[in-house]
Amino acid sequence: MSRNIQLDLASWLHSGGNQIGQILLSPLPNGWEARHHEDALLPDLTPYSLPTDARHLANLDAAGKFRPLKTTPDLIRGWRLSLPDLPSLRRALDYFYPAMTGLWFSHSHHSLTPVTLRDTLSRQTGMYRVTQKITDPQARALVDSTCSGCLKIRLWEISDLPSPPLPPPSTLPLLCHEACNLLVAQAREVVKQAERAAASPS
């Protein structure tokens, strides 16, 4: 499958694809260049040349704080990453946005199955089983507040599966087919807070 993803990535690039998340991609005489899209016209950027450099660039924001979720819109600026070939570019993209090229490939080939929030919560056990008690209004408020800070396109809803609009073909979409662990953990806090509020004397 990795080989197929690479072939699809090559086809997308050669058809004019040039952006994934906050990263702008450009062809070089020998390879590819990646940089922050807001640095598209800046000449004096710190050069990098290894796929593993992407992991370093993706880990911290401009304030030096760790980025637990790589799809938040706070990727550090001021760099350019020159890579010699497509395999190197693919590796770098997986460091910048883990699993995103694989999910895009699966979605493109109609083999990605989205999972509703209710189905995700129904599988929770132990300390997270309580998340199944979250109400639809509570879940809606949580999803709206939490997911608004993420660049992914949600393919799931609370109890149904929408058909969200995808970006233009030049942009490789960052897809979310199931609620992440961060959202599930926050759902637990929402339920716990509601239970504490209901138990406290008025």
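What follows is calculated from the coordinates using simple rules that are stated; it is not laboratory data. Everything numeric in this text was worked out from a predicted model, so none of it was measured. A quick note on method: Cβ atoms are made from the backbone with ideal geometry, for glycine too, and the neighbour counts reach across all protein chains shown.
Over the chain, dividing the summed -39,500 (n - 2.57) contributions of all DSSP H runs of at least 4 residues by the number of residues returns a 222 nm mean residue ellipticity of -11500 deg cm²/dmol. Counting only lysines at least 8 places from LYS133 when in the same chain, those with an alpha carbon closer than 24 Å to its own are LYS192. Neighbours of ALA58, meaning other residues whose beta-carbon lies under 12 angstrom from its beta-carbon, give a summed charge of -1 when Lys and Arg score +1 and Asp and Glu score -1.
Relative to the Cα centre, the charge distribution of segment 53-166, modelled as +1 at Lys and Arg Cβ and -1 at Asp and Glu Cβ, gives a dipole magnitude of about 260 debye.
Determine the relative contact order of the chain: mean sequence separation of Cα pairs under 8 Å and six or more apart, normalised by residue count, in whole percent.
Working: 279 pairs, mean separation 45.0, N = 202.
For the chain, the relative contact order is 22 percent.
Using the Cα centre as the reference, give the magnitude of the dipole from point charges on the C-beta atoms of the chain (Lys, Arg: +1; Asp, Glu: -1; all else neutral), rounded to the nearest 20 debye. Provide the component values of the computation, followed by the final result.
Details: 20 positive and 18 negative charges, 115 e Å.
Computed about the Cα centre, the dipole is about 560 debye.
Seen against the Cα atoms of the chain and their longest principal axis, helix 136-147 is set at about 30 degrees. Would you work out which of THR125, PRO173, PRO137 lies farthest towards the positive end of the dipole of segment 117-199? Charges go on Cβ: Lys and Arg +1, Asp and Glu -1. Positive-most Cα among the choices belongs to THR125.
Run the dipole for segment 117-199 about the Cα centre, Lys and Arg Cβ at +1, Asp and Glu Cβ at -1, nothing else charged, and hand back the magnitude in debye, nearest 20.
Details: 10 positive and 8 negative charges, 53 e Å.
It comes to approximately 260 debye.
Each 10 Å bin from 0 upward holds the following percent of the Cα-Cα pairs of segment 63-202: 10, 34, 32, 17, 6, 1, 0. To the nearest 10 degrees, how steep is helix 86-96 against the longest Cα principal axis of the chain, on a 0 to 90 scale? Taking the Cα atoms of the chain, the angle to 86-96 is about 30 degrees. Please give the net charge around ARG196, taking every other residue with its beta carbon less than 14 angstrom from that of ARG196, where Lys and Arg add +1 and Asp and Glu add -1. Local net charge: +1. Mean-square fluctuations from a GNM of the chain, with a 10 angstrom spring cutoff on Cα atoms, peak among LEU183, LEU117, LEU175 at LEU183. Compute the helix-to-body angle for 181-199: its Cα long axis versus the longest principal axis of the chain, expressed 0 to 90° and rounded to tens. Rounded to the nearest ten degrees, it is 20.
When the chain is treated as a GNM with alpha-carbon contacts under 10 Å, the residue of PRO87, PRO51, PRO43 showing the greatest mean-square fluctuation is PRO43.
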